[in-house]
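Shown next, in structure tokens, is the structure this report addresses.
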Amino acid sequence: MWQVCFPLLLTSLLVTSSRGYPTGAPTEVCSSMFPHHGAEPQTSAVPYSITVESSIYTPGSTQTPIKVTVMSEDTAFKGLIVQARSLSDCNKTVGTFQLDQSERDLKLVTCRQANDGVTHTNKNVKTTKSFMWIPPATGMGHVYIRATVVQATEAFWNTVQSEIIFQGSNDATTKNTCKPPPTMENAAILDANLPSDNGNTGDQSNENHDNSHENDDDNGITDDGNTGASFSFSHAVMTLLFLVAVWF
């Protein structure tokens, strides 16, 4: 009897944990930028790149937007989350983003401040996406653009980053020593310690979260640390209680 029950329980756990957000990364992953798909990041050569139109920004009341492009020549992607991070405080977002009015595949998200992130709105295949980064009005030091790009549920790269965008002038001696969380465990710890100033609700972009949690192998970046995980756990408990009842 147990030989039949145990596989049923395992299957139930696997099915419920695959639910996600095909319409964009949730704010719960703002710190780690890590898609909780039950898989570790790829360690092979990164097939994506981030280019910036300028490598220098000057703080001030009037800011000149800098064009940012995420692209790949031969490996399409479906999901992504992008932020500008400080070199001196690797977990701090800097500046905001702006999308073209005609953009339909991307949306803005709120992590520490309004519009400080970009994510996907659908599962459409993408090869090149561009948007504008708006530098901060006050000096925040040197920054870089960081992204996690998802090709499929179990194939993503979280080490995609641009060259350094220097404040004021280029400094060839400055190096980027920031590193993304290497494992799911590290990412979970980072997200659990999300800064208190992090927004729990996004701007216009977060109003479109798909509450149906489509169950698809290519959902893009998911959130199994909130709704999905709690649903999976409660469902698994109910299933286990039922199987125990059947057993006895």
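Since every read-out is calculated from the coordinates, none of them should be taken as a lab result. Quick caveat: nothing in here was measured; it's all calculated off a predicted structure. FYI the Cβ positions are ideal-geometry reconstructions off the backbone, even for glycines, and counts take in every protein chain you see.
Brief remarks follow.
- Environment charge of I66, counting only residues whose C-beta is closer than 13 Å and scoring Lys/Arg +1, Asp/Glu -1: -1
- Per the Debye calculation on region 37-113 with a single equal scatterer at every Cα and no solvent contribution, log₁₀ I(q)/I(0) for q = 0.15, 0.16, 0.20, 0.25 Å⁻¹ amounts to -0.74, -0.84, -1.29, -1.58.
- Kirkwood analysis of region 61-150, using all unique Cα-Cα pairs, places the hydrodynamic radius at 13.5 Å.
- Close amide-amide hydrogen proximity is noted between V160 and A147, V149, each under 5 Å apart and 5 or more residues distant or on a separate chain (H modeled in the peptide plane; Pro and chain starts excluded).
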